[in-house]
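In what follows, a single structure is set out as structure tokens and then discussed.
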Amino acid sequence: MPTVVIADLNKINHHLLAEDEKIIESLDEITDSSYIYILDDSHFLDVGKIETDCLHVPFNKWNDTCRNTKVYFDLEQYSFFETFKNSLNTDPAVLRFYRKEEIAYSDKLILEDLLVFSGIFGKPVKLNISHTSSHLRPQHVIITVRFTNKVIAHFEYTFLTNKTNVDVEWSSKGKIIEFNSEKESAFETSSQSFKKNLYTIPSLISTSKIMEKELLELISLYSLDLKERISL
Amino acid sequence: MKIGIMSFAHQHAYSYANSLMNLEGVELVGIFEEDLVLGKELAEKYNTVHFSTQDTFLEINMDAVIVCSENIYHKEMVINAANAKKHILCEKPIATNKEDALEMIRVCEENEVILQIAFPVRFCSPIVELKRILDQGMLGEVVAFRTTNRGTNPGGWFVQNELSGGGATLDHTVHMIDIMRWFLEKEITDVYSEIDSCFGELESDDAGILTMKFENGVIASHDASWSRFENYPTWGDVSIEVIGTKETVKVSVTNEHLKVYMNKNKALNYAFTGNDMDYELVKYFISCVQEGREPSITGKDGLKALEVALAAYESNLIGEKVKL
């Protein structure tokens, strides 16, 4: 059975595509089971027609009707993230995570970040949400979480801003890790025309997850908070 | 202008003393310090007179005092100085509880002396510039603030709650609350926080993250901690990001630096190149005393910042948002 990846093609690093990773425009092009086929996420509605057990979809497209699919998260596709995750220790810590996004408010984006960090720091013990008035642009959201693994965290999002950026700081006893996608980048440019933080297919496949019971429970837990407490 | 310093328990006293030495027409006429050995050393260092009791110190001819004691003694020293008709610059936080702060403000008003709280960040050049462009409307309407004030654990009495009144959350929250209030000219109405001891086995807290809401709907986050360690390139940070409807601007005070790399344990050191806030703070206080005018940072400002820090502790305790 072939491997099929559903992705926003603008986010794929085309320079690093291997010979067996092939971008296709329709399902008809799936012919060889040894290939990894990459299909633009505008074809997501066709997922049900794909005959494969190796289907990878982005979390923002996933819904609970997607069976036999693996899901990948945007944050885990950043090249820094694996190193960041491996650099953490189990000490009590403060996490500060901040995204700036050009898109309008997306509860799915927040949700997937919370899921990724819950995978590292455990379930939320306490959670508080604060956000700006719906008539203001940009929109800003602050989420405070105390995780089971002795980590307290701020997750902040500015939507409808003029650039995208991820900023993360982790402070523990004798160890501080900082990353800012704008500053820690090979590019220094006055424009946003260079594509940065692009997905690679091996990363995407290796971080994809089956939506098991524990993850589904976390989704329900966080979704409820986001739906009840945010009206943007 | 004759100035005295009451206690060198807070390390900022040294910076303020150096500032006094550099101001023309200003004389450091005495130091009150209960630690006799330290007091003698300081008197020699600053070529002044040491006093071991507040009574004898406050009898000398001087216009104003700078209070740099442990937080818990601010009230006693400020009230004694006010009753002795001395103008006062008091280290932050103004006090360790609201009642003490209110009494300090009242006694200073009754004695018609200045009570200025030491919020030197108001005199940091990039912060002043940010205030200017904000007031000119260049950022549009403020939507949110993101602030930090993180440093190294000062140890000593700072980590003893009976002397400090609180740990890093108290120590490193009040500066940025004051700046946000100054920028918006609005008060904070809601505070939510998570506070903990993450960086050492301390009696006091060393980390606090706060989420706040102002009366006009602006929201804010703040990260207060003693998370920085000896080998970190700088002592810590003071930063504010103002997210506006027209533009977003971030000011990181400690980003004004040279990067100095050395082939030793602390390989990278940030050599600060910004302006001396403490000097500007002291200079401003002296000018207020000389001209007999009320400072822009009053006891009320100290009280308002303290209220938010205390609300953060309460929020952490009850696990809910606290209304002010």
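Any read-out appearing in this document is the output of simple, stated calculations on the displayed coordinates, not a laboratory observation. Since this is a predicted model, take the numbers as computed values, not measurements. Cβ placement follows ideal geometry from the backbone for every residue including glycine, while neighbour counts extend to all protein chains displayed.
Would the range B:170-324 count as rounded, prolate or oblate if I go by the C-alpha gyration tensor, calling it rounded below 1.5 in a/c and otherwise prolate when a/b exceeds b/c, oblate otherwise?
Working: a/c = 1.65, a/b = 1.14, b/c = 1.45.
Oblate, because a/c is 1.5 or more while a/b does not exceed b/c.
Here the Karplus curve 6.51 cos²θ - 1.76 cosθ + 1.60, taken at θ = phi - 60°, turns the phi angles of the range A:56-68 into couplings of 10, 10, x, 4, 5, 9, 5, 9, 6, 8, 6, 9, 6 Hz, with x standing for Gly and Pro. Helical content alone sets the calculated 222 nm signal of the protein assembly as shown at -9000 deg cm²/dmol, taking -39,500 (n - 2.57) per DSSP H segment of four or more residues and averaging over every residue. Which residue, B:Val143, B:Val191, B:Val113, tops the fluctuation ranking in a GNM of chain B built on C-alpha contacts under 10 Å? Answer for the Gaussian network model of chain B: B:Val143. Can you give the longest stretch of chain B with no exposed loop site, where a site means trypsin sites (Lys or Arg not before Pro) in a DSSP loop (not H, G, I, E or B) with at most 13 other C-beta atoms within 10 Å? Excluding the exposed sites themselves, the longest stretch runs over B:86-245. With a Förster radius of 30 Å applied to the beta-carbon distance between B:Ile133 and B:Leu324, the computed FRET efficiency rounds to 0.60.
The calculated pair-distance distribution of the range A:73-206 uses every alpha carbon pair, bins of 5 angstrom beginning at 0, and gives 2, 9, 19, 22, 21, 16, 9, 3, 0 percent.
Normalised by the number of residues in chain B, what is the relative contact order in percent for Cα pairs under 8 Å and 6+ residues apart? Before the final figure, lay out the partial values.
Working: 703 pairs, mean separation 63.0, N = 324.
About 19 percent, as a whole number.
Determine one quarter of the surface area of the Cα convex hull of chain A, which equals its mean projected area, and express it in nm² to one decimal.
Working: hull surface 54.6 nm².
Average of the hull's projected areas for chain A equals 13.6 nm².
Computed over chain A with a Gaussian network model linking Cα atoms closer than 10 Å, the most mobile of A:Phe73, A:Phe187, A:Phe44 is A:Phe187.
Taking R0 as 22 Å, what FRET efficiency do you get between A:Met211 and A:Ser231 from their Cβ-Cβ distance, rounded to the nearest 0.05? Could you put the intermediate results ahead of the total?
Values: r = 27 Å, r/R0 = 1.23.
Efficiency, rounded to the nearest 0.05: 0.20.
Using Cβ counts within 10 Å as a stand-in for footprinting exposure, how do B:Ile286, A:Ile205 rank, fewest first?
Details: B:Ile286 21, A:Ile205 16.
Arranged by neighbour count, lowest to highest, B:Ile286, A:Ile205 become A:Ile205, B:Ile286.
Looking at the range A:1-120, I'd like the Rg to Rh ratio, where Rg is from alpha-carbon atoms and Rh is Kirkwood's inverse mean 1/r. Before the final figure, lay out the partial values.
Numbers: Rg = 16.3 Å, Rh = 16.2 Å.
That ratio is 1.00, to two decimals.
In this simple spin-label approximation, A:Ser191 and A:Leu27 carry label points 7 Å from Cα along the Cα→Cβ vector, and these lie 3.9 nm apart. Between A:Ser87 and A:Ala18, the C-beta separation translates, for a Förster distance of 30 Å, into a calculated FRET efficiency of about 0.60.
Using only alpha-carbon positions, what ratio does the radius of gyration of the range B:83-180 give when scaled by 2.2 N^0.38 Å? Please report the intermediate quantities before stating the final value.
Values: Rg = 16.4 Å, N = 98, 2.2 N^0.38 = 12.6 Å.
It is 1.31.
When only alpha carbons of the range B:1-71 are considered, Rg and Dmax amount to 10.8, 30 Å. Shown here are the Rg and Dmax of the Cα trace of the range B:138-224, at 14.2, 45 Å. As a proxy for reagent exposure, B:His222, B:His50, A:His56 were ordered by neighbouring Cβ count within 10 angstrom, fewest first; the result is B:His50, A:His56, B:His222. Couplings 3J(HN,Hα) for the range B:216-230, derived from phi with the Karplus relation 6.51 cos²θ - 1.76 cosθ + 1.60 (θ = phi - 60°), are 9, x, 4, 10, 8, 10, 9, 10, 10, 7, 10, 8, 7, 10, 3 Hz, where x marks Gly and Pro. For B:Val65, nonlocal amide neighbours, meaning residues 5 or more places apart or on other chains whose placed amide H falls under 5 Å from its own, are B:Gly4, B:His87, B:Ile88, B:Leu89.
For a test of the definition: using alpha carbon positions, the gyration tensor, and the 1.5 limit on a/c, classify chain B as rounded, prolate or oblate.
Numbers: a/c = 1.44, a/b = 1.32, b/c = 1.09.
It is rounded, given that a/c, with a ≥ b ≥ c, falls under 1.5.
Using only alpha-carbon positions in the range B:272-324, the gyration tensor eigenvalues give semi-axes of 33, 17, 6 Å once each is multiplied by 5 and square-rooted (largest first). Helices assigned as whole DSSP H runs in chain B whose Cα atoms extend at least 30 Å along their own long axis and whose mean Kyte-Doolittle hydropathy is 1.0 or higher are not found. The distance separating the Cα centre of the range A:33-73 from that of the range A:117-188 comes to 28 Å. Here the Gaussian network model covers chain B, with springs between Cα atoms less than 10 Å apart; of B:Asn231, B:Asn71, B:Asn61, B:Asn231 fluctuates the most.
The residue list B:Thr96, B:Val128, B:Gly156 was ranked by how far each Cα lies along the charge dipole of the range B:93-211 toward its positive end, using unit charges on Cβ atoms, and B:Val128 comes out on top.
Taking the radius of gyration and the Kirkwood hydrodynamic radius from Cα positions alone, what is the Rg/Rh ratio for the protein assembly as shown, to two decimal places?
Details: Rg = 27.2 Å, Rh = 25.9 Å.
With Rh from the inverse mean 1/r over Cα pairs, Rg/Rh is 1.05.
Remark: A:Arg229, A:Arg146 ranked as A:Arg229, A:Arg146, counting other beta-carbon atoms within 10 Å and listing the fewest first.
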